Amino acid sequence: MKQTNVSIFIPHIGCPKRCSFCDQKSISGSAKAPSADDVSALLERQAAVLENSGMTAQIAFFGGSFTAVPREYMLSLLEAAKRAVERFDAYTGIRCSTRPDCIDEEIIEILTKYGVTAVELGAQSMDDEVLQKNLRGHTAEDVRRAANLIKQSGMELGLQMMTGLYCDTPEKCLYTAREFVKLSPKTVRVYPTVILRGTMLGELFERGEYKSFSFEETVSLCAKLLDIFEQNGISVIRMGLHASENVERDMIGGVYHQRFREIVESRRFLEQLLLRLKPLEKGVYDVFTDKRNLSRAVGQGRENLAKLGAAGYRIKFRGREGAYMEISPRAPKKGRKNAF
Ligand code: SF4
């Protein structure tokens, strides 16, 4: 049965400070904090939709820092979600996202009591200088401690990281990914920094003191991050911000593209293919890949074909069910000399 999330956005309420990249106005100003009754009503409506479409869902409290909101409010939301899980077969669990310094033994006890099955930590970086310069208000050690508490409780661990923050480097991002692997999360989300007007990063950017990574640098870095996580059995469930009118309106720099994940996967395919072709003679090859992967293989605007051609390889991509990357020298046409 197909599984999805019913997302409930909890606006920023309890964060002690404003992080360098956070546009508090769009997080807290525009969205109203839902009451427990609002949540119950929404879950009842959505249960009917899920049942009709034969799907199940997790109830996901996303947004600011779920475990930092006033305690009574958090408990009332958990109570509404727990009741929905008990009442409707369509709901399989509850998940939430929060800050690493808002997790302790007491919170873990509460979350498990209400049947929360997964917690995502907004870690953003494992480099203390990056965390400090971006006013995160927690350290890498806080991430390790919170991640271990979540794992020990039996709940699923998710980690979120950003690339290109103030004082960040691609090496620091790769270090963050390797540190994440040591914490064995089930899932990871990777968000390239988007510089929004009205944030600390926005001011630094406008003064010319910061510019984040370029699009090209970010694509290449994220292809490596994808590799690190997938090779370690960690599923990357998001890469790049969701399409949003607010982001498109308020963005003044950084990296945002509605098809960012696809671009990264396409780059990764190109790099893997170039590596496989390297020991082979330059020339003409057929490369077989599953039909679903053909557009990634060819690249946006046939970019991969052009880059392969520039490297001396004339490639024809062909569909083959279940194949990822099967390379075969192109058979010469009758009456013609082999191209290589
Ligand atoms: S923890 Fe999240 S919601 Fe709170 S200020 Fe930082 S980015 Fe904004």
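If you check 310, 297 for being touching a Phe, Trp or Tyr at 6+ places or on another chain (Cβ under 7 Å), of a type in the set (Gly, Ala, Ser) and under 26 Å from residue 214 (Cα atoms), only one passes: 297. The residue pairs whose first member lies in region 36-58 and is without any contact (Cβ under 8 Å) to a residue 40 or more places away in the chain, whose second member is surrounded by 13 or more Cβ atoms within 10 Å (Cβ to Cβ) and not acidic (Asp, Glu), and whose beta carbons are closer than 6 Å, counting only pairs six or more residues apart or on different chains, are 51/90. Looking across region 44-66, the residues that are under 26 Å from the mean Cα position of the chain (by Cα) and either at pLDDT below 85 or not in a strand (DSSP E or B) (or both) come down to 46, 50, 55, 63, 64, 65, 66.
Restricting 312, 254 to those that are touching a residue at least 12 places away in the same chain (Cβ under 8 Å) and loosely packed, with under 13 Cβ neighbours inside 10 Å reduces the list to 312.
Anything in region 264-320 that is part of a helix (DSSP H, G or I) and basic (Lys, Arg)? List them, or say none. Matches in region 264-320: 267, 268, 276, 291, 292, 296, 302, 307. Among the conditions (1) under 24 Å from the mean Cα position of the chain (by Cα); (2) at pLDDT 95 or above, the only one that residue 288 does not satisfy is (1).
The set of residues in region 258-310 being under 26 Å from residue 194 (Cα atoms) and among the small types (Gly, Ala, Ser) consists of 266, 299, 301. With respect to the conditions (1) within 16 Å of the ligand (Cβ to nearest atom); (2) surrounded by fewer than 19 Cβ atoms within 10 Å (Cβ to Cβ), residue 106 falls short on a single one, namely (1).
For region 61-99, a tally of residues being within 16 Å of the ligand (Cβ to nearest atom) and among the hydrophobic types (A, V, I, L, M, F, W, C) returns 7.
Kindly evaluate residue 159 against the criterion of being more than 14 Å from the ligand (Cβ to nearest atom), of a type outside the set (Gly, Ala, Ser), under 23 Å from residue 4 (Cα atoms) and not in a helix (DSSP H, G or I). Yes; evaluated as a whole, the condition is true for this residue.
Taking residue 166 as the residue in question, decide whether it is within 16 Å of the ligand (Cβ to nearest atom) and within 21 Å of residue 254 (Cβ to Cβ). Yes; evaluated as a whole, the condition is true for this residue.
A count restricted to region 103-146 and to residues that are touching a His at 6+ places or on another chain (Cβ under 9 Å) and part of a helix (DSSP H, G or I) stands at 2. Specify the residue that is nearest to the ligand (Cβ to nearest atom); the eligible residues are those in region 1-43 that are among the charged types (D, E, K, R) and modelled with pLDDT under 95. Ranking the qualifying residues of region 1-43, first place goes to 18. Annotation: residue 120 fulfils all but one of (1) out of contact with any helix residue (DSSP H, G or I) (no Cβ under 8 Å at 6 or more places or on another chain); (2) on the phi > 0 side of the Ramachandran plot; the unmet one is (2). Evaluate the following for residue 149: is it within 21 Å of residue 62 (Cα to Cα) and part of a helix (DSSP H, G or I)? Taking the combined requirement at face value, the residue satisfies it. Is it the case that residue 233 is under 18 Å from the mean Cα position of the chain (by Cα), modelled with pLDDT of 95 or more and among the small types (Gly, Ala, Ser)? Criteria met by residue 233.
For region 190-238, residues that are within 20 Å of residue 136 (Cα to Cα), buried (at least 20 other Cβ atoms within 10 Å of the Cβ) and in contact (Cβ under 8 Å) with a residue 60 or more places away in the chain total 7.
The values are calculated or read from the model by the stated rules, or taken from the named source; none is laboratory data. From a predicted model like this one, the values you see are computed outputs, not experimental measurements. With ideal geometry, Cβ positions are generated from the backbone for all residues, glycine too; neighbour counts draw on all protein chains shown.
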